[in-house]
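The values are calculated or read from the model by the stated rules, or taken from the named source; none is laboratory data. Source: prediction; values computed, not measured. Positions of Cβ are generated from backbone atoms using ideal geometry, with glycine treated the same way; all protein chains shown enter the neighbour counts. With ligands, DNA and RNA removed, areas are computed over all heavy atoms of the protein, side chains included. Shrake-Rupley method; radii C 1.70, N 1.55, O 1.52, S 1.80 Å.
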Amino acid sequence: MRPTSLLHPSLARQIAATIGTPAYVYSQPALEQHAAAALAFPNAFGITVRFAMKALPNAAILRLFHKLNLHFDASSTHEAYRAIRAGIPSAKISISTQELSPDFIELLRMGVLVNACSLAQLAAIGQHFPGLQIGIRLNPGTGSGSTGKTNVGGPDASFGIWHEYLDDAIAIAHHNHLQIIRLHTHIGSGSDPLVWQHAALQSLALVRRIPTIHTLNLGGGYKVARTESEHATDLQNVGTPIKTAIQDFAAQTNRQLHLEIEPGTFLTANSGVILTRIQDITDTGTHGRRFLKLDSGMTELLRPPLYGAQHPVEIVPATPSPTDTSAASTSCTRHPYIIVGHCCESGDLLTCAPGEPDTLAPRELPIAHIGDLCLIGGAGAYCSSMSAKNYNSFPEAPEILVTADNSALLIRRRQTLDQIVENEILPNPPPA
Ligand SMILES: *Cc1c(COP(=O)(O)O)cnc(C)c1O
């Protein structure tokens, strides 16, 4: 995705002048398009699309997706409260969490749905809510993610109830009069489509063993192409065999399963960019490197230092050239640049090699100048929500939603120094 295809250079300059940099900018038309594509996921007997809100939990985004008829997946009770606070009806929120903190009791009373992700969680839910209809998250035995860090299935992953313990889960549910009506699997982010399909079919086989299950939730993990060399998962391709399998299952068992999917990345990743400014340009001599230093970094975008993730970048000259008033820099002369962030460590590297956070990988870019803007693409998912927030005491960056008529709506202000330190307490009297 070319960042300037989401954020036009003239609007980028306007936002930089009024709201400042760095800033996250999301495109409402792009979010809407991705929501429509997710809702068109192949299904035999109906589908619910849950937005995995950990990808981008801003209230304005949650409300937009609510208006588009999406439901929500919360990965912690805190996320569930955040969604409720944003105005999402509790019945549209489902929790699948590693840590079922005690406030789940209140949430379930409010009507939030839950998928038990361990045998202990299942027992705890049963103690408080005998008779409840619930879901269970199973680890189907297979996992796949773009990196080991985002693979959450198979024997090396702690997520969900191991599939061989299905009978124990059934026994615990029975003991507590819980009725298992949903089966949930999520095997990773950036999953291989074939492995994802295999896991989906494995899940269907597990559904067979629990006659009360009426809903199959296949999680998220659909790949998007942030850069030209990456391959996106086609939802129609990946979903069609599952639809057929669910139809066959219905023919054999007379059970018409409702399907749920839970995309985070797919809905938001290519709907957002980070608008940054080049603060400085330095080099390490004739045989060295040439560095573009941004006013942003791991404080807004942790994915490259964490995963070796690749994000497209485009330089937008500070002032439009007289011959070309709109486009990004079109200068033919290119230069290999290393783009670094503003944090005081070499790990704050944007142009790393794929999957290798510590390896410098120069990008060929038009000649850049101090003061030019730099747009970072593919930044709508797990960027604002997963940053090294406040490192070096940089304030949390604002978020902006650009509507179809190109209005830039501020949906989160820039954090202030007061807000960064507001919870600090000076012991009184001071420690000796
Ligand atoms: C993170 C997560 C998702 C979304 O994953 P993506 O790769 O962003 O689509 C879906 N379901 C659960 C349970 C998750 O934890």
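Of the numbered criteria (1) closer than 30 Å to G308 by Cα; (2) within 16 Å of the ligand (Cβ to nearest atom), the one R182 fails is (1). Against the condition within 16 Å of the ligand (Cβ to nearest atom) and out of contact with any helix residue (DSSP H, G or I) (no Cβ under 8 Å at 6 or more places or on another chain), how does H231 come out, does it pass? So H231 fits the description; yes. Looking only at segment 343-366, residues that are open to solvent by 60 Å² or more (accessible area, probe 1.4 Å) and within 15 Å of Q279 (Cα to Cα) come to 1 in all. Residue count for segment 42-75, restricted to those that are of a type in the set (A, V, I, L, M), open to solvent by 10 Å² or more (accessible area, probe 1.4 Å) and touching a strand residue (DSSP E or B) at 6+ places or on another chain (Cβ under 6 Å): 2. Would you point out the residue of segment 185-205, among those that are more than 21 Å from the chain's Cα centre (by Cα) and touching a residue at least 60 places away in the same chain (Cβ under 8 Å), that is nearest to the ligand (Cβ to nearest atom)? Out of the qualifying residues, it is S203. Of all the residues in segment 23-38, those that are open to solvent by less than 10 Å² (accessible area, probe 1.4 Å) and not in a helix (DSSP H, G or I) number 4. Note on segment 139-184: residues that are under 18 Å from the mean Cα position of the chain (by Cα) and of a type outside the set (G, A, S) amount to 6. Among the criteria (1) assigned to a helix (DSSP H, G or I); (2) buried (at least 22 other Cβ atoms within 10 Å of the Cβ); (3) out of contact with any helix residue (DSSP H, G or I) (no Cβ under 8 Å at 6 or more places or on another chain), the one G135 does not fulfil is (1).
Restricting L56, L39, L62, L7 to residues that are outside the structural domain of I84 (by TED's automatic domain parsing) and either of a type in the set (A, V, I, L, M, F, W, C) or modelled with pLDDT of 95 or more (or both) narrows the list to L7.
When you scan segment 312-334, do you find a residue that is among the acidic types (D, E), open to solvent by less than 10 Å² (accessible area, probe 1.4 Å) and either more than 30 Å from I210 (Cβ to Cβ) or not in a loop (DSSP other than H, G, I, E, B) (or both), even just one? Give the steps one after another, and end with the answer.
The initial filter retains those residues of segment 312-334 that are among the acidic types (D, E), namely 314, 324.
Pick out the ones that are also open to solvent by less than 10 Å² (accessible area, probe 1.4 Å) and you get none.
Looking through segment 312-334, none of the residues is among the acidic types (D, E), open to solvent by less than 10 Å² (accessible area, probe 1.4 Å) and either more than 30 Å from I210 (Cβ to Cβ) or not in a loop (DSSP other than H, G, I, E, B) (or both).
Of the numbered criteria (1) in contact (Cβ under 8 Å) with a residue 24 or more places away in the chain; (2) of a type in the set (G, A, S); (3) open to solvent by 50 Å² or more (accessible area, probe 1.4 Å), the one A171 fails is (1). Kindly provide the set of residues from segment 208-228 that are closer than 20 Å to N43 by Cβ, out of contact with any Ser or Thr (no Cβ under 9 Å at 6 or more places or on another chain) and either open to solvent by 30 Å² or more (accessible area, probe 1.4 Å) or part of a helix (DSSP H, G or I) (or both), ordered by number. H214, the sole residue that qualifies. Mind listing just one residue for me: the one in segment 240-274 that is aliphatic (A, V, I, L, M) and open to solvent by 10 Å² or more (accessible area, probe 1.4 Å) and, of those, farthest from the ligand (Cβ to nearest atom)? Per the criteria, the residue is A251. Against the list (1) closer than 17 Å to S75 by Cβ; (2) in contact with a strand residue (DSSP E or B) (Cβ under 6 Å, 6 or more places away or on another chain); (3) in a loop (DSSP other than H, G, I, E, B), the condition S158 fails is (2). Could you tell me which residue of segment 99-117 is nearest to P140 (Cα to Cα), considering only residues that are at pLDDT 95 or above, within 15 Å of the ligand (Cβ to nearest atom) and out of contact with any Leu (no Cβ under 8 Å at 6 or more places or on another chain)? Here the residue is N115.
Within segment 229-266, the set of residues being of a type in the set (V, I, T) and not in a strand (DSSP E or B) comprises T233, V238, T240, I242, T244, I246, T253, T265.
Look at (1) touching a residue at least 24 places away in the same chain (Cβ under 8 Å); (2) open to solvent by 10 Å² or more (accessible area, probe 1.4 Å) and you find that E99 fails only one, number (1). Checking G160, G143 one by one, the residue that is within 13 Å of the ligand (Cβ to nearest atom) and touching a Cys at 6+ places or on another chain (Cβ under 6 Å) is G160 and no other. Scanning segment 62-76 for residues that are within 14 Å of the ligand (Cβ to nearest atom) and either farther than 17 Å from A37 by Cβ or not in a strand (DSSP E or B) (or both) yields F65, L70, F72, D73, A74, S75, S76. For the structure I just gave you, tell me whether Q279 is open to solvent by 10 Å² or more (accessible area, probe 1.4 Å), out of contact with any Cys (no Cβ under 7 Å at 6 or more places or on another chain) and either in a loop (DSSP other than H, G, I, E, B) or in the same structural domain as F45 (by TED's automatic domain parsing) (or both). So Q279 does not fit the description; no.
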